[in-house]
Amino acid sequence: MNETSSASRPRLDAQARPFALPAELTVVVPTFNERDNIAPLVQRLETALDGVDWEAIFVDDDSQDGTAAAIRELARRKPHIRCVQRLGRRGLSTACIEGALASASPFIAVMDADLQHDESLLPSMLATLKGEGLDIVVGSRHVAGGDLGDFGAARVRISGLATRLARLVVKADLQDPMSGFFMVRREAFEDAMRGLSGQGFKILLDLFASAPRPLAFKELPYRFRSRLHGESKLDSLVAWEYILLLLDKLIGHIVPVRFALFAIIGGLGLVVHLATLGTLLKLGGIGFAAAQAAATMTAMTSNFFLNNWFTYRDRRLKGWRLLRGLVSFYVVCSVGAIGNVGIAAYVFKADQSWWLAGVAGAVVGAVWNYATSSVFTWRAKK
Ligand code: GDD
Ligand code: MN
């Protein structure tokens, strides 16, 4: 008999029975390798939210440790638990956005799976949001009564710096813009959602920076708990993505941040080129053409590694893919150089202005290199 036939359908848990009404509150929980935290979290939510019509939507990025299976195992007995599993994609912020989009309830909370956020704050968040007619209530470690918990000294400093940087894009007087624990009214989320960057970890900051009008908010204190199971996913990529999020909010409406980085590195490449060329010629024993060729290779190689490190950190090539990427980058840039010279010569012929011709060639070369290398060298993972 197959598993889904009615005879073998598991009976609902006792806790599942009171949920006769559609959820008023959806708790969105992003997960990546959190298997052992799922059951304890659901149990804590059931205790904390007793008397509330709620559901939890877990958004799992295809964790290898069986997190999605652990969620579905509970979901078969508990209709208020659901799993959205995303294949071939990563990202805490986009996971939260898609979780919110998968729900219909008027209030949406976002909370980590690792038990570091205090679920007992949820009922007062909901009461405050409804009672005071606010757009969003934030669980804060930086208002009276809140606490960073056992964050190490280094992480406290980094967190403080990141919070100050956040002021560049968040105008509201928010003490904990880096919080990953909050509850938002659906309309406020929907008003902001098309402007969200979805970049990296900081979905709350993204919401505040993307809202078309200032959000009415309040911060409620909580103590950041220690992780029991699994490990933090915060790494250098997350830190870099945070900087990209800030840049996107600052200049993204003018030029895509990735292209800006690519162009800056291209400019650095020119410096590398001239420095290499000058040095080789000064050392002597080498003709101009050979020195120019060596300088070109050096500049392309350093550009490749800088782009691999910064512009495409999220798609960083390693091992033999690094070698293949380097070769494809040489090819892309060589074609770009031919286009560059061709366009420049054409403009020069028509206009006779050497600098206009030079700029036109460089712009066409840069756009070509950027567009083709994003497809051939750093193609998005499938
Ligand atoms: N779906 C998905 N995809 N989930 C992810 C991903 C991802 O790529 N990366 C992390 N997560 C999930 C984790 O499984 C966990 O449930 C939650 O996001 C937070 O990840 P942690 O790795 O535990 O982050 P943290 O503890 O260092 O930082 C968290 O708390 C801070 C304080 O509130 C984050 O929420 C920060 O944004 C927040 O500032
Ligand atoms: Mn955590």
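Calculated mean residue ellipticity at 222 nm for the chain: -16500 deg cm²/dmol, from DSSP H runs with n ≥ 4 weighted as -39500 (n - 2.57), summed, divided by the residue count and rounded to 500. With both labels modelled 7 Å from their Cα along Cα-to-Cβ, the residue 43 to residue 327 distance reads 5.5 nm. Once the Cα atoms are used to define both axes, helix 92-101 deviates from the longest principal axis of the chain by about 50 degrees. Distance distribution note for segment 212-325: the fraction of Cα pairs above 20 angstrom is 64%.
Quick one: grab the alpha carbon gyration tensor of segment 78-154, order the square roots of its eigenvalues as a ≥ b ≥ c, and give me rounded if a/c is under 1.5, else prolate or oblate depending on whether a/b is larger than b/c. Oblate, because a/c is 1.5 or more while a/b does not exceed b/c. Sites listed here are GluC sites (Glu not before Pro) in segment 78-186 whose DSSP assignment is loop and whose Cβ has at most 11 other Cβ atoms within 10 Å: 132. Taking label points 7 Å from Cα along the Cα-to-Cβ direction, residue 102 and residue 350 give a separation of 5.2 nm. Amide H contacts for residue 84 (H built 1.01 Å from N in the peptide plane; partners 5 or more residues away or on another chain; cut-off under 5 Å): 58, 59, 60.
Kirkwood radius and radius of gyration were both taken over the C-alpha atoms of segment 305-351, and their ratio Rg/Rh is 1.22. Largest accessible area first, the listed residues 143, 138 line up as 143, 138 when surface is computed with a 1.4 Å probe on the assembled protein chains.
With an a/c value of 1.5 or above and a/b larger than b/c for the gyration tensor axes a ≥ b ≥ c computed over the alpha-carbon atoms, the chain is described as prolate.
Starting from the Cα-Cα distance between residue 86 and residue 158, subtract it from 0.36 nm times their residue separation and give me the gain in nm to one decimal.
22.9 nm
Shape class for segment 257-376: oblate, because the ratio a/c of the largest to smallest gyration tensor axis (alpha-carbon atoms, square roots of eigenvalues) is 1.5 or more and b/c is at least a/b.
Helix 122-131 axis versus longest C-alpha principal axis of the chain: approximately 90°, rounded to the nearest ten. Listed by chain and number, the lysines placed with their C-alpha closer than 28 angstrom to that of residue 249 are 171, 202, 218, 233, 381, 382; residues fewer than eight positions away on the same chain are left out.
Among beta bridges identified by DSSP and lying wholly in the chain, the antiparallel ones come to about 25 percent. Accessible area per residue for the chain, computed on protein heavy atoms with a 1.4 Å probe, is 51 Å². The spacing between segment 77-133 and segment 175-245, judged by their C-alpha centroids, is 12 Å. In this structure, residue 120 and residue 253 have a Cβ-Cβ separation that, at R0 = 35 Å, corresponds to a calculated FRET efficiency of about 0.30.
The values are calculated or read from the model by the stated rules, or taken from the named source; none is laboratory data. As the structure is a prediction and not an experimental result, all values here were calculated from the model. No Cβ is skipped: glycine too gets one built from the backbone with ideal geometry, and neighbour counts run over all protein chains shown. Accessible surface areas use protein heavy atoms only, side chains included; no ligands, DNA or RNA. Shrake-Rupley method; radii C 1.70, N 1.55, O 1.52, S 1.80 Å.
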